[in-house]
Each structure stands twice: as structure tokens, then as C-alpha cells.
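Written below as C-alpha cells is the structure these notes are about.
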Amino acid sequence: MKFAKIKAVTFALRPAPLQESLEALKKRLGPTPGVYSAEPAVLDFSGWNDTELAEHGIELKTYAEMLRAAGVLLAEVRGQSEALEAQAEELGIRFETGQTEQLEPEPQPQPEKTEQAAQAVQAELLETDSEQASHPAVPSFDNARRTMVIDQSVRSGQKIYAQGADLIVMGQVSAGAEVIADGNVHVYGVLRGRALAGAAGDTQARIISTCFEAELVAVAGYYLTFEGGFPEENRSKPTLIHLDHGTEPAVLRLKAINIR
């Protein structure tokens, strides 16, 4: 298992004082909430040197909080500063060293509802645990959450997003498919694609699969891939994926479960 380098929206930031830089990032996120919702994102500080980072009082935590509040998953930070790398490590965010192109990100459309999602059954769930995440930038979540049910398999290339809801898939998620939810993700079949729970920042979200063979899993922006293979206790078995808040920073855990 390891953290992944994945396709993501890149925000290339130019040297500027902290508040000015944050305002520039806010403008790039756009006036319409949710444009980048549930999309992995990269903050690129390759154009900055250590002196500029220090003079402008750059705090990576502040950027992460802004993105999280906008429902954006900060997957990676890029740059050439050891100080910035230390900040990323403290926050549990992947850091990539090196120079990258300074590109303006193109607005990404919200995931479209598939034909299956349009026919999905929506129902009220029982009240969930009211415990709130300690991170101040994490949005509050209702004790009762709606659910989207997909009553067939999700094919390769399809992307399902349950905005403001839990997601239940009554079939397999093929390799190359992606299922995303602001709440929990349940896959009652083989999970071979990607599953992302807590897309809007809910650190209490869970992923449950009855047959775990995923390419990638994520909860509230914390990612794991399995290019090196699966733990034997989880391979092709019922598995729960959750964030362990007992460590600093939090880490993603896999737990074998018995559903018989």
C-alpha cells in the first residue's frame, strides 16, 4: 500500500503575500460552489523559493483549510522547499519535489448523473453518530443523511457522485470506474475501481466493500493505492476503510469485517 500520484486539478501559485495568494486561489476555485467538488487537487509552489515562502508567511495549513471548506480534496503539494515539505508532512499530505509547468486550471464540470443515478431511490437514513470532526474547516454534517442507491454495476469509465449523501452500489465497481460520496460509500459487490468517501471533508465517513480489490480508496482527502498488493486479510474479502484519528496526522486504515 502507498499514497498515490493521481490525475488531479493543479493550482500553480505565483509568489505573493499569504492573503493575496489565498485570494488568487479563491478566484480560481470560481464563484460557483462545487465546481471542483470531490476532485483531487494539487497545490504547486514550484515557482517559490525558501526566501519568498518565509517573507510572505506561507502556511500550507491555511490553503488546505480553504480547499477543504470548498469541498476540494488536497492530494499533493509540489515545490522545492524543505520547509514546505515539512509542513506537508505535518498535515499528512503527499509532497512532490521538482519543477512543474505553471498552468492555469480549466474549470471542471460537476459529475453528471448517470441514467442509473437518475432512477436511484432516495430515502432517509437513521441518525448517524453526531460526533463532529475536530478540524475547524470541516463542514458540519446533519445527523440524518440521504442516500443514493445504484441498483446495478458501475462500468469502467463511469463516475457516480452522491452529493450530500451516502452511496450504495448494489453490484460491482469495475476497474477504471469511480464512486464518490460526501458521506459513506457501500459497495455490495466486488470493488475494483476507485472509491472516495467524505468528499466534502467528513472525516468520519466510511467505505465498506463486500469484496475488496480496489485501485484506490480515499476518505476526506487521505488516499491509499495498492500497486504493491493487498494485505492478505483484506484481499477479496469484506473490508471497512476508515480514518484512524489516534495518530497525528490521521492515517487511513483497512479493517477486515465479518458480514455473515
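Given the conditions (1) touching a helix residue (DSSP H, G or I) at 6+ places or on another chain (Cβ under 8 Å); (2) of a type in the set (Phe, Trp, Tyr); (3) at pLDDT below 75, report the number of the one that PHE3 does not fulfil.
With (1) touching a helix residue (DSSP H, G or I) at 6+ places or on another chain (Cβ under 8 Å); (2) of a type in the set (Phe, Trp, Tyr); (3) at pLDDT below 75 applied to PHE3, the lone miss is (1).
Within region 39-55, which residues are out of contact with any strand residue (DSSP E or B) (no Cβ under 9 Å at 6 or more places or on another chain) and either closer than 29 Å to ALA200 by Cβ or among the polar types (S, T, N, Q) (or both)?
Of everything in region 39-55, those that are out of contact with any strand residue (DSSP E or B) (no Cβ under 9 Å at 6 or more places or on another chain) and either closer than 29 Å to ALA200 by Cβ or among the polar types (S, T, N, Q) (or both) turn out to be ASN49, THR51.
Please indicate, with yes or no, whether at least one residue in region 37-49 is at pLDDT below 60 and either within 16 Å of the chain's Cα centre (by Cα) or in the same structural domain as GLN158 (by TED's automatic domain parsing) (or both).
Among the residues of region 37-49, at least one is at pLDDT below 60 and either within 16 Å of the chain's Cα centre (by Cα) or in the same structural domain as GLN158 (by TED's automatic domain parsing) (or both), which makes the answer yes.
With the requirement that a residue be among the acidic types (Asp, Glu) and surrounded by fewer than 23 Cβ atoms within 10 Å (Cβ to Cβ), what does region 182-221 give you?
Passing the criteria: GLU213, GLU215.
Right, ARG192: basic (Lys, Arg) and either in contact with a Pro (Cβ under 9 Å, 6 or more places away or on another chain) or within 25 Å of GLU65 (Cβ to Cβ) (or both) or not?
When the stated conditions are applied, ARG192 does not pass them.
Going through region 230-239 one residue at a time, which ones are touching a strand residue (DSSP E or B) at 6+ places or on another chain (Cβ under 6 Å) and either without any contact (Cβ under 8 Å) to a residue 24 or more places away in the chain or closer than 15 Å to ASN184 by Cα (or both)?
Scanning region 230-239 gives GLU233, ASN234, THR239.
Regarding GLU227, is this residue in contact (Cβ under 8 Å) with a residue 24 or more places away in the chain, of a type in the set (D, E, K, R) and surrounded by fewer than 12 Cβ atoms within 10 Å (Cβ to Cβ)?
So GLU227 fits the description; yes.
Just one of (1) touching a Phe, Trp or Tyr at 6+ places or on another chain (Cβ under 9 Å); (2) at pLDDT below 90 trips up GLY183, so point out which.
(2)
Considering only residues that are of a type in the set (S, T, N, Q) and either under 17 Å from GLY164 (Cβ atoms) or in a loop (DSSP other than H, G, I, E, B) (or both), look in region 189-235 and name the one that is modelled with the highest pLDDT.
The extreme case among them is GLN204.
Could you give me the residue pairs with C-beta distances under 8 Å whose first residue belongs to region 81-109 and is under 21 Å from LEU18 (Cβ atoms) and acidic (Asp, Glu), whose second residue is loosely packed, with under 15 Cβ neighbours inside 10 Å and at pLDDT 80 or above wherever it lies, and which are 6+ apart or on separate chains?
Close Cβ pairs satisfying both conditions: GLU82/ASP50; GLU85/THR97.
Per-residue answers, yes or no, for (1) at pLDDT below 85; (2) within 30 Å of ARG235 (Cα to Cα); (3) part of a loop (DSSP other than H, G, I, E, B):
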{"site": "THR10", "(1), (2), (3)": "yes, no, no"}
{"site": "GLN19", "(1), (2), (3)": "no, no, no"}
{"site": "LEU25", "(1), (2), (3)": "yes, no, no"}
{"site": "THR32", "(1), (2), (3)": "yes, no, yes"}
{"site": "GLU52", "(1), (2), (3)": "no, no, no"}
{"site": "ILE58", "(1), (2), (3)": "no, no, yes"}
{"site": "THR62", "(1), (2), (3)": "no, no, no"}
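Which of the residues spanning region 57-85 are crowded, with 16+ Cβ neighbours inside 10 Å and among the basic types (Lys, Arg)?
ARG68, ARG78
Name the residues in region 221-248 that are of a type in the set (Phe, Trp, Tyr) and under 19 Å from the mean Cα position of the chain (by Cα), would you?
TYR222, TYR223, PHE226
The values are calculated or read from the model by the stated rules, or taken from the named source; none is laboratory data. What you are looking at is a predicted structure, and each value in this text was computed from that prediction instead of being measured. Backbone-built Cβ (ideal geometry, glycine too); neighbour counts: all protein chains shown.
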